[in-house]
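Below you'll find the structure, written out as structure tokens, and then a few comments.
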Amino acid sequence: MKNSKVVWTILLFACCSAIAMAQEKWLVPEANNDMLSILIFDEDTQLEGKLIYTRSCRSCHGDPTKKDFTIMSPSPGDVASDLYQDQTDGSLFYKIQKGRGPMPSFENAFSEEEIWSLVSYIRSFNPEYQQKLPNLEGIEIPNLTLHISYDENIDKLVVKVTSDSLEVMADASVKAYIQGMFGKYPLGSEMTNELGIAYFHIDSKIPGDTEGYLDILVKTYKDYGTAKYAGKIQAGNPTIRKSAIEGRHLWSAAKKAPIWMIIIFNMMGIGIWGVIIYVIFGLRKFKKLS
């Protein structure tokens, strides 16, 4: 009996502790609460954030706006809800970085830039959101330049970042994408080395245009300085693209549809028109008789 009482006491204490933690307000230090993003939120930061969210956050928080988050205490909630959108950017950053209870800390898993990209993705579900930018008065912002090339010997996109004075920019953040018909395909996110260079692998089997050119988008960031490159490089597999309806289809040249389908389709058409003509002549006879 004594042992069972001890067990029940421990269980009751654990439940009370869980309820207390669930009800305790998550307070964010004022300095962190007022912190502003080092990135300008745009489609690229939202895409980066979406990739991170899908990989690391979706299992608990579910699909934004769907309210299909995991049932637990405290509730992870829907990131598109007012519970999240009413918080400051700094508060969201702090909670993602530090974690609490069942919410893990991502301080050692994600860079600051990746966490801000997550915040950017979360904000994309708030049509009324207006990003607040830090006051950069008195801060010297580097003017960055991107130099893009492709090394076919190692199948890598080579990105070099320099400043106005051609000084190489080490530890600059670089993101690269291949732009296609259905959006951007991310090649990854890298930091430049001591020579100001970052490398991105490109699969030579990726279909390009007839000469193998791919549309490349590259962005870099360092100390509030940014640069962007959009152009073509010859790094893909030469591809002759065909229309989705080219060939034998019932609505085009009819070169690829099975013969039996074409015969049945035509017979159905003839039959339908035959019925229509029969009904029209029947109505004319009925009119004459009347």
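Details
- Stretching Glu211 away from Asn193 to a fully extended chain increases their span by 3.3 nm, per 0.36 nm per residue minus the current alpha-carbon distance.
- Among Asn193, Asn33, Asn108, the residue with the largest mean-square fluctuation in a Gaussian network model of the chain, with springs joining Cα atoms closer than 10 Å, is Asn108.
- Counting only Cβ charges, +1 for Lys and Arg and -1 for Asp and Glu, the dipole size of the range 26-123 around its Cα centre is about 500 debye.
- Label sites at Leu283 and Ser75, each approximated as a point 7 angstrom past Cα along Cα to Cβ, lie 6.0 nm apart.
- For the range 82-151, the pair-distance distribution built from all alpha carbon pairs, in bins 5 Å wide starting at 0, is 3, 12, 19, 17, 15, 14, 9, 6, 3, 1 percent.
- The alpha carbon convex hull volume per residue for the chain rounds to 361 Å³.
- Centroid-to-centroid separation of the range 118-186 and the range 84-100 [C-alpha atoms, Å]: 24
- Convex hull of the range 26-123 built on C-alpha atoms - directionally averaged projected area, nm²: 5.9
- Listed residues Leu47, Leu166, Leu92, most fluctuating in the chain (Gaussian network, C-alpha, under 10 Å): Leu166
- Integer Hz, Karplus 6.51/-1.76/1.60 couplings in order for the range 146-163, x for Gly and Pro: 9, 10, 10, 8, 10, 9, 6, 6, 10, 6, 10, 7, 10, 10, 10, 10, 10, 9
- Long-range amide H partners of Gly188 with built H, under 5 Å: Ala176
- Springs between Cα atoms under 10 Å define the GNM used for the chain, and in it the highest mean-square fluctuation of Ile263, Ile71, Ile115 occurs at Ile263.
- Total charge dipole magnitude, the chain, about the Cα centre, Cβ charges on Lys, Arg, Asp, Glu only, Debye to nearest 20: 2700
- Here the simple spin-label model places points 7 Å from the Cα toward Cβ, and for Asp86 and Val275 these points are separated by 6.0 nm.
- Among complete DSSP H helices in the chain, those whose alpha-carbon atoms stretch at least 27 Å along the helix's long axis and whose mean Kyte-Doolittle hydropathy reaches -0.5 are 2-23, 259-289.
Where a number appears in this text, it was derived from the coordinates with a stated rule and is not lab data. Since we're looking at a predicted model, the values are computed, not measured. In this analysis, Cβ positions are derived from the backbone assuming ideal geometry, glycine residues included, and neighbour counts consider all displayed protein chains.
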